[in-house]
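> Sharing a structure below in structure tokens format, with a few things to ask.
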Ligand SMILES: Nc1ncnc2c1ncn2[C@@H]1O[C@H](COP(=O)(O)OP(=O)(O)OP(=O)(O)O)[C@@H](O)[C@H]1O
Ligand SMILES: [Mg+2]
């Protein structure tokens, strides 16, 4: 038999009981749509993290600490605090300013700067937003990722200025980016109130009146420039840049100094961490070796991202399994439909065989039917899953836009995905049809013809 | 194409017992002969035709049709043998209900890989010859019993097999239509020279073209006469 005729006969078989075929198709479509949406969501997560990583130049960044940080996965933060003392037996090298300078002089290092990060609130036009400060060295003026879209980079180390994202400026009530550049805003920074802390530590919580030992300190700064929020993705929502010199002049509680307060060991002072920015990611290994020779510990974001990749792989697998279950249920639907179809056409199969049809051809007709169901369901499911993802994304972005958050890409569709889902549904269709088709081919002519 | 059966038996297991449908049948039919087979219900007529059509295998004995040794054929060879050597017509027509008369006649040609155009031409020719030209697009339910049987005969002839087997082709028809169908089969025999095995009770109506008359009883040939 010709393929053309086989397909024609398979099609006729499907159109005979249209309602049943359509219902089976619907099942496969829903299963495939679920799979497509979940997989696209998984790769969206990964894609966003990767884009974020690149936007923040983290591929080029090493984090240097006095003690090792056994960071082998996100779950290890707990382990890291529990085991902190038993990790090293050699004396730790304090991260003083001279060490920072020495790190900066290693060939291939663009800049080494103490890691200073702290929360901040920004007030302007009667509005207030929250953000997180990243103190950056002047050398970053050379990096593309730090080139403001509007305005310019900091004038000098002690420039009393900040750089925000366009979306933050918008939330601060500047209707046009140009308006924000150069205008003066107030920032509120939390500083430790040492007197209150002592009261709290030695007198207990009740003596301190239930207050945190923290003082809010206002400063006036200028908005020097605006980064494109889209380029920074999620970071564009909260990231505030400040020159290193200025950040040192502010009295702040950094994210790390609170931890240091609790865990800092006697004899080790200095910064809790120093960031080293490479001129070229290819210099990663050599710079790393040099830093290790100085008795310091290096965590590279690139390695952490590899760990993160493993986590994403797990998430992807979990999503895949959920999607596959949906598809599997649909596959059982195909198998059931095919069985019914074979039973209904029992006599016709007998006639075909009496006329000299090969078992091979009969098997192919039924396999084609189930493959068609699978493939059509897969393609429809892809379309519907894609449409669904677009709708969800639109909804989320409309919601975010009202709050001044830059648009996010939740779902990420690759050409590989359509191919993968197409092949997968085709295969599941063939798999579901295999046994019914085999049974159809094996029908006994005389038994079938006796059914009148 | 000549047919030779030697010591052919067919037993059907029924629970513990076995039902003998054919018992040690010896039969030789020379090429081109018109054989009428009769016998009471259950005497083994259909069983005999099914064995010759390779739709079943004998329990014992050997069947040779032309170059084909039927008891040695694989499933695939059986199908090819049926397709090219045997045209078979049933009492219940066994047409495919969802297909038109043309579609049904084209079926063996389609199975044999003919192009749509060639098989259409052949099927149209056959239906015209059967006097069914204006019924060619009708489905089986839209045809009378006699018309359905003529479509089935056209289908049996589609690949021009040397052997035509008809198992009570008139069993479901009134006597007027039955004699038309039998006359048609007689005409086919006369014009094509095919070997014809016809199982029927209408001995009178088939008499004009019957060359040989076989009577079966309890699975044995009890009468075999040339007329
Ligand atoms: N599949 C089967 N299983 C068991 N017994 C069978 C089977 N097919 C036929 N028989 C038996 O074999 C015997 C011969 O059957 P067969 O159909 O050949 O008779 P027949 O001469 O064609 O009868 P009829 O005129 O009623 O068609 C009968 O006794 C029948 O009951
Ligand atoms: Mg019979």
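Throughout, read-outs are computed from the coordinates displayed, never taken from laboratory work. Everything numeric here is computed off the predicted structure, so don't read it as measured data. Counting neighbours? That spans all protein chains shown, and the Cβs are built from the backbone with ideal geometry, glycine included.
> Starting with the highest mean, order A:354-362, A:317-325 by the number of other Cβ atoms within 10 Å, averaged over the residues of each peptide.
On the way: A:354-362: 21.7, A:317-325: 15.1.
Highest-to-lowest ranking by the protection proxy: A:354-362, A:317-325.
> With everything on Cα atoms, drop me the angle between helix A:359-402 and the longest principal axis of chain A, reported from 0 to 90° to the nearest 10.
Around 30 degrees separate the two axes.
> Do the sum for chain A: with -39,500 (n - 2.57) for every DSSP H run of n ≥ 4, divided by all residues, what is the mean residue ellipticity at 222 nm, to the nearest 500 deg cm²/dmol? Write out the running numbers ahead of the final one.
Values: 16 runs with 245 residues, N = 452.
Calculated mean residue ellipticity at 222 nm is -18000 deg cm²/dmol.
> Using only the alpha-carbon atoms, how far is helix A:301-344 inclined from the longest principal axis of chain A? Give it as 0 to 90 degrees, nearest 10.
Computed tilt is about 20 degrees.
> Follow-up question, since we're still on this one. Where in the stretch A:50-67 does the label zone of residue A:149 land, with the point 7 angstrom along Cα→C-beta and an amide N cut-off under 19 Å?
A:51-57
> Grab the beta carbon distance between residue A:178 and residue A:325, set R0 = 45 Å, and tell me the FRET efficiency rounded to 0.05.
Numbers: r = 53 Å, r/R0 = 1.18.
Once the sixth-power term is evaluated, E becomes 0.25.
> Based on the Cβ-Cβ distance of residue A:399 and residue A:52, what FRET efficiency does E = 1/(1 + (r/R0)^6) give at R0 = 25 Å, to the nearest 0.05?
0.80
> Name all residues of the stretch B:1-28 having a backbone nitrogen under 19 Å from the label point set 7 Å from the Cα of residue B:72 along its Cα→Cβ direction, giving them as ranges.
B:2-9
> Please state the shape class of the stretch B:132-203: rounded when a/c is under 1.5, otherwise prolate if a/b exceeds b/c and oblate if not, all from the C-alpha gyration tensor.
It comes out oblate by the Cα gyration axes.
> Subtract the Cα-Cα distance of residue B:59 and residue B:191 from 0.36 nm times their separation in residues, and report this length gain in nm to one decimal. Each step should come with its number before you reach the end.
Values: separation 132, 0.36 × 132 = 47.52 nm, distance 3.60 nm.
Length gained between residue B:59 and residue B:191: 43.9 nm.
> Now a separate question. For chain B, with a Gaussian network of springs between Cα atoms less than 10 Å apart, report the residue from B:106, B:142, B:62 with the top mean-square fluctuation.
B:142
> Does a label point 7 Å from the Cα of residue A:332, set along Cα-to-beta-carbon, have any residues of the stretch A:392-430 with amide nitrogen under 20 Å, and which are they?
A:425-430
> Let me ask something else about it. Over the protein assembly as shown, what is the percentage of antiparallel beta bridges among all DSSP beta bridges, to the nearest 5?
On the way: 60 of 89 bridges.
Percent antiparallel among DSSP bridges in the protein assembly as shown is about 65.
> Along Cα→Cβ, 7 Å out, is where each label goes; now give me the distance between the ones at residue A:383 and residue B:203 in nm to one decimal.
6.7 nm
> Moving on. Cα centroids of the stretch B:166-224 and the stretch A:96-156: how far apart, whole angstrom?
If we compute the Cα centre of each part, the gap is 104 Å.
> With an 8 Å Cα cut-off and a minimum separation of 6 or more residues, compute the relative contact order for chain B in percent. Numbers along the way, then the final one.
On the way: 439 pairs, mean separation 66.7, N = 227.
Worked out over chain B, it gives 29 percent.
> Along the Cα→Cβ direction, 7 angstrom out, place labels at residue A:195 and residue A:419. What is the inter-label distance in nm?
7.0 nm
> Just need the relative contact order of chain A here, percent rounded to a whole number, with Cα pairs under 8 Å and 6+ apart.
Rounded, it is 30 percent for chain A.
> Here is a further query. Please arrange A:340, A:1 by counting, for each residue, the other beta carbons lying within 10 Å of its beta carbon, fewest first. Mind showing how you got there, number by number?
On the way: A:340 14, A:1 19.
By the 10 Å Cβ count, ascending, the order reads A:340, A:1.
> Where a ≥ b ≥ c are the square roots of the eigenvalues of the C-alpha gyration tensor, would you call the stretch B:61-151 rounded, which needs a/c under 1.5, or, failing that, prolate if a/b is larger than b/c, or oblate?
It is prolate, given that a/c is not under 1.5 and a/b is the larger ratio.
> With a 10 Å cut-off between alpha carbons and a GNM built on chain B, which of B:203, B:29, B:75 moves the most?
B:75
> What percent of all Cα-Cα pairs in the protein assembly as shown falls into each 10 Å bin, going from 0 up to the bin containing the maximum distance?
3, 12, 15, 14, 10, 7, 7, 7, 8, 8, 6, 3, 0, 0
> Rounded if a/c is under 1.5, else prolate if a/b beats b/c, else oblate: with a ≥ b ≥ c from the C-alpha gyration tensor eigenvalues square-rooted, which is chain B?
Working: a/c = 1.73, a/b = 1.42, b/c = 1.22.
Taking the square roots of the gyration eigenvalues as a ≥ b ≥ c, chain B is prolate.
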